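Before any comments, here is the structure.
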Amino acid sequence: MESAGTSSRDQVVAVVGGGLVGALNACFFARRGFQVKVFESREDIRNAEIVRGRSINLALSHRGRQALSRVGMEEKIVSKGIPMHARMIHSLSGKQSPIPYGKKGQYILSVDRANLNKALLTEAESYPNAKINFDHKLEDWSTDTGLMTFLRPDGSKESLKADLIVGCDGAFSTLRKQFLRLSRFNYSQTYIPHGYLELTMPPMAGEFAMKPNFLHIWPRNTFMMIALPNLDKTFTCTLFMPFDEFEKITSGDQVIDFFQTYFPDAIPLIGVDALKRDYFRLPAQAMVSVKCSPYHINKCVLMGDAAHAVVPFYGQGMNAGFEDCIVFDEIMDQCNEDFSAVLPEYTRVRVPDDHTIADLAMYNYVEMRAHVNSKWFRFRKNLDNILHFLLPKTIVTFTRIRYHEALQRWHWQNKVINRGLLVCAAGTVLGGSYLLINKTPKISSIPMEKIWDRLLLLKVWQ
Ligand code: FAD
């Protein structure tokens, strides 16, 4: 492989989408010496006054960090992130209880989306063989000729062919639409009934209003609010709620009543006036889960949300997209950069893993809303942490073990824990009944019923 940025190879790689995954991918391809052309529909966000997009901040974890480190960006990004060592659960009464993510010392990072995107664009542009074309919206791509057509803000159009097209144009990918027209392309998308809305919790007396090194969660069964810290000592709070509940709230007073009922401790921290105002600033945003296969046709490959938009409840969407770049890069080495071999191999390797993280994220959607409320979940979580050294569930967040293998291990771990608990419960029942029968024969029938009820509950939970 040639050294970074010194090659003058002729092959053109067109990266469509200059978001998080597109900008990072541009660095990966530029390092290999391809002529990289990025096409981004938005203006250059480094000059924009308002950066529109998805969440304001994101949780960066091991997979994402590994990808950044491959292009020499890890330290730069990590130094601007805020470590979150645990989840902090806020009960209705305002009590706060931490639930660690993994082993001591392990943490995820809260990073600013816009800053991360800007840093990646600047890094991509530092390669002489990479060029970013802003205000270029992909309008059409012919699967027959390979010709891409871009629309400019003044209405003019530009066309281009490339040796490889990398589709990083997000959850509503224009490139992917062309895949849908071909046979044997599998596709599914699911909108969850929840939307999300972001609110800002300002600093208090110049300091964070809550403990900064946590991902704060207010689980309220069908509603949930989370808050991630920012470098300016604010928190970005994200309220997840079914759309029909969002629609029921139509006035500032109703917002306060709602928060008084479900998130009372957050009211003084966000502020009554800010809550009344900011709740209506933007409409709640939808969340979609997209699965498809294969990830390639002809000379085009999909990566990031264009290939697999996942609901944000495992904090893995961007991390998985960043890991896509590493996996593709590794396969490029294995297949000597022969695209005709690399693309099918990439689909073969990556589809099962990305589909698994989509499923896990959907599972966590339920877990975060409901289970973290229950004593049973907290008990199980502690057990999980104890077993971490043997069979870690947190391998999704803190390792690069393939997602589908992580799922297999996790299923196995759950089976072991549940069976272990069942055996303990059965042992307790048998031991207890033995004592009751032998020591206090008159009352032995009453507790037995209750104990069997408990056992049945355990079984149902499995
Ligand atoms: P995008 O970020 O959507 O970028 C796509 C780019 O393509 C954009 O710049 C867009 O302008 C451009 N584009 C679109 N169409 C065209 C076109 N026709 N022509 C040219 N350009 C085009 N992930 C995590 O890992 N951790 C988290 O904590 C996390 N939190 C999240 C919270 C929320 C509320 C949401 C919604 C998502 C969260 N995610 C998180 C997921 C993460 O945001 C996405 O996985 C990530 O943004 C995907 O990056 P991407 O580059 O593939 O797509």
Using the Karplus curve 6.51 cos²θ - 1.76 cosθ + 1.60 with θ = phi - 60°, work out ³J(HN,Hα) for each residue of segment 340-346 in order, rounded to whole Hz, and write x for Gly and Pro.
5, 9, 5, 5, x, 5, 4
Kindly work out what percent of the DSSP beta bridges joining two residues of the chain are antiparallel, to the nearest 5.
70
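Of the cross-linked pairs K103/K211; K137/K291; K104/K415; K80/K137; K37/K76; K104/K276, which ones have a Cα-Cα span greater than 29 Å in the structure shown? Working shown, then result.
Details: K103/K211 20 Å; K137/K291 24 Å; K104/K415 25 Å; K80/K137 31 Å; K37/K76 24 Å; K104/K276 40 Å.
Going by Cα-Cα distance, K80/K137; K104/K276 fall outside the 29 Å limit.
Going by the alpha-carbon gyration tensor, a ≥ b ≥ c the square roots of its eigenvalues, is segment 179-269 rounded (a/c under 1.5) or, if a/c is not under 1.5, prolate (a/b greater than b/c) versus oblate?
Values: a/c = 3.00, a/b = 1.65, b/c = 1.82.
Judged from the Cα gyration tensor, segment 179-269 comes out oblate (a/c at least 1.5, b/c at or above a/b).
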Please label the shape of segment 136-203 as rounded, prolate or oblate, based on the square roots a ≥ b ≥ c of the eigenvalues of the alpha-carbon gyration tensor (a/c under 1.5 means rounded; beyond that, a/b larger than b/c means prolate, else oblate).
oblate
Per DSSP helix of 4 or more residues, -39500 (n - 2.57); summed, then divided by the residues of the chain. What does that give at 222 nm, rounded to the nearest 500?
-13000 deg cm²/dmol
The helix 403-439 Cα axis meets the longest alpha-carbon principal axis of the chain at an angle in degrees, between 0 and 90 and rounded to 10, of 0
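If you take the Cα atoms of the chain, find Rg, then find the Kirkwood Rh from the mean of 1/r over all pairs, what is Rg/Rh?
Working: Rg = 25.1 Å, Rh = 24.3 Å.
That ratio equals 1.03.
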Taking the alpha-carbon centroid of each part, what is the distance from segment 403-422 to segment 206-239 in angstrom?
31
Placing unit charges on C-beta atoms (Lys and Arg positive, Asp and Glu negative, everything else neutral), compute the dipole magnitude of segment 45-163 about its Cα centre in debye, rounded to 20.
820
Given 253-260, 320-327, 285-292, the highest-first ranking by average Cβ count within 10 Å works out to 320-327, 285-292, 253-260
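Once a ≥ b ≥ c are taken as the square roots of the eigenvalues of the Cα gyration tensor of segment 89-206, is the result rounded (a/c under 1.5), prolate (a/b larger than b/c) or oblate (a/b not larger than b/c)? All intermediate terms of the calculation are to be shown ahead of the outcome.
Details: a/c = 2.41, a/b = 1.80, b/c = 1.34.
Verdict is prolate for segment 89-206.
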Enter the Cα centre distance for the pair segment 23-71 and segment 126-171, rounded to the nearest angstrom.
16
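Read-outs throughout are calculated quantities, based only on the coordinates presented, and are distinct from any laboratory measurement. On a predicted model such as this, the values are computed, not experimentally measured, just so you know. A quick note on method: Cβ atoms are made from the backbone with ideal geometry, for glycine too, and the neighbour counts reach across all protein chains shown.
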